[in-house]
1. For the stretch 31-98, which GluC sites (Glu not before Pro) pass both filters: DSSP loop (anything but H, G, I, E, B) and at most 13 other C-beta atoms within 10 Å?
2. Using amide H atoms built in the peptide plane, which far-off residues or other-chain residues are under 5 Å from T145 H to H?
3. Accessible area per residue, 1.4 Å probe, Å², for the stretch 1-49: what's the number?
4. Using only alpha carbons, build the gyration tensor for the stretch 94-235 and give me the equivalent ellipsoid semi-axes, biggest first, whole Å.
5. Want the number for A99 to R286: 0.36 nm per residue separation, take away the alpha-carbon distance, what's left?
6. So what is the diffusion coefficient of the stretch 49-147 in µm² per second by Stokes-Einstein at 25 °C and 0.890 mPa s, using a Kirkwood Rh over Cα pairs?
7. Given springs between every Cα pair under 10 Å in a Gaussian network model of the chain, which of G112, G136, G168 has the largest fluctuation?
8. Charges only on Cβ, +1 for Lys and Arg, -1 for Asp and Glu: so what's the dipole of the chain about the Cα centre, in debye to the nearest 20?
Amino acid sequence: MESPRRPRIGFVGAGVVGSGLAQALTAVGYAVTAIHSRNPEHREVLASVLPEAAAFASASEAVAACDLAFLTVPDDAITQVVDSIRWRVGQSVVHCNGARSVDLLQTAQAGGAAVGVFHPLQSFASVEQALANIPGSTFAVEASTTELSDQLREMAAALGGHPIVLCGDRAIYHSSAVLACNYVVTLLDIAAELWESLGFSKKDGLRALLPLVRGTVENLGRIGLPGALTGPIARGDCGTIERHLAALEAVAPEALSVYKELARRTIPVALAKGKIDARAAQALERALDRVGGGDGL
């Protein structure tokens, strides 16, 4: 089957996500022809590194200069931007919000445009990091037409990614992503801060912990769940858990409830791994109840 014609692409929004995707798509042969940002410097800088792109002072002008417009503005601004543009048949527009469907683009669809979602399941901390991380990522795509769906799937594949079509609630999908990405940062913040009680800085703690985190991620990739689980819960080591709880209660009580809730959630994973039995699981539950009360988060 012949691949769909590659569209001319424009970006409304030149932050980290827009800049990262624009440069990544250019690198794999797509023509990015139009850039708009409310910040003149941002749009000029991004357009200057894309060989076929021009910077436009308005979103409407940028959309008119492309076949497929990416709205890479803050999530809360998507509807406002869509409503500010006069859409027509023959145009396509997508947003990159992981938690919302094409319902954000109703105004564009009512005007005759094809609408879609193109969400890279990846962390965009910086443009450089995004370019390094995009290959191998999953892309959740959605489209109102078969042609646009084919274009978005091809685009994800060209970037080295894996396109998927979601059948359930996109908010559940995005919640999963937040747990696996954003809240790992929060956990590392808590974990690194504990090193201050040992006479080190939080920066020192993070430096020490990062190889452990990388090793865990590698184990997850090679062994999967529940096999990658290690540590005292996986061993049924109540004594170590009790020492952890006592130390946290004395030194970092604000971290105690987080530790206990995660420990409780880890017991079923350990049971699934088969390294502890029901009796050991009950002993771990009792150990968690003995310090700081039985309530979790």
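The values are calculated or read from the model by the stated rules, or taken from the named source; none is laboratory data. This is a predicted model, so every value here is computed, not measured. Positions of Cβ are generated from backbone atoms using ideal geometry, with glycine treated the same way; all protein chains shown enter the neighbour counts. Remember, those area values only see protein heavy atoms, side chains included, never the ligands or the DNA or RNA. Shrake-Rupley method; radii C 1.70, N 1.55, O 1.52, S 1.80 Å.
1. Working: sites: E41, E44, E52, E61; in loops: E52.
Hits after loop and neighbour filter: E52.
2. Distant-sequence amide H within range of T145: V115.
3. Working: 2420 Å² over 49 residues.
Accessible area per residue: 49 Å².
4. Numbers: eigenvalues 272, 55, 42 Å².
That gives 37, 17, 15 Å for the three semi-axes.
5. On the way: separation 187, 0.36 × 187 = 67.32 nm, distance 3.81 nm.
Length gained, A99 through R286: 63.5 nm.
6. Working: Rh = 14.4 Å.
Taking Rh from Cα pairs, D becomes 170 µm²/s.
7. Of G112, G136, G168, the Gaussian network model singles out G168 as fluctuating most.
8. Working: 25 positive and 30 negative charges, 126 e Å.
Roughly 600 debye, rounded to the nearest 20.
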